[in-house]
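Derivation of every value follows stated rules applied to the coordinates shown; laboratory data play no part. Since the structure is predicted, the reported quantities are computational estimates derived from the model, not experimental observations. Glycine also receives a Cβ, built like all others from the backbone with ideal geometry; neighbour counts cover every protein chain displayed.
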Amino acid sequence: MNNSEKFKSYLLSYQNKDIEAISNLFAPDIHLRDWKISVHGKTVAISETQKNFDNASSLEIEILNIMENDNSVSGELKIVVNQTEVLFVVDVVTFNNDGLISSLRAYLGRES
């Protein structure tokens, strides 16, 4: 599976709020950062992800664009939370040598 496929798998697991699948994709030393938080370590990253799931009755993720290089993927996304809140986000995901997500940085944008 290439990095873009892993990224798509992560997004599908996120949209489905599948915390177990996401946990299997995260490296032990993951760094998770967005416009609200910055945490290090798998346990804390999974906890923060679960909080997002608990606060959203529904999630829809549309991939607008993907860029890939040797060990990372950037994706421009449209995320709809609770069928009303629309977020335009760029995720930058880095993979370690084992193919696990070692960092995930999310940047909030706006519709063009």
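Quick rundown of the values:
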{"item": "In the stretch 48-58, the residues that are surrounded by 12 or more Cβ atoms within 10 Å (Cβ to Cβ) and within 14 Å of the chain's Cα centre (by Cα)", "result": "48, 49, 50, 52, 53"}
{"item": "Selected residue [of a type outside the set (D, E, K, R), in a helix (DSSP H, G or I) and surrounded by 16 or more Cβ atoms within 10 Å (Cβ to Cβ)] from 21, 27, 45", "result": "45"}
{"item": "Scan of the stretch 30-42 for residues that are more than 17 Å from residue 80 (Cα to Cα) and surrounded by 15 or more Cβ atoms within 10 Å (Cβ to Cβ), ordered by number", "result": "30, 31, 32, 33, 39, 41, 42"}
{"item": "Enumeration of residues in the stretch 80-112 that are touching a residue at least 12 places away in the same chain (Cβ under 8 Å) and not in a strand (DSSP E or B)", "result": "82, 83, 96, 98, 99, 100, 109, 110, 111"}
{"item": "Long-range neighbours under 7 Å by Cβ, at least six apart or interchain, first residue under 17 Å from residue 91 (Cβ atoms) within the stretch 14-30, second polar (S, T, N, Q) and assigned to a strand (DSSP E or B)", "result": "27/102; 30/102; 30/103"}
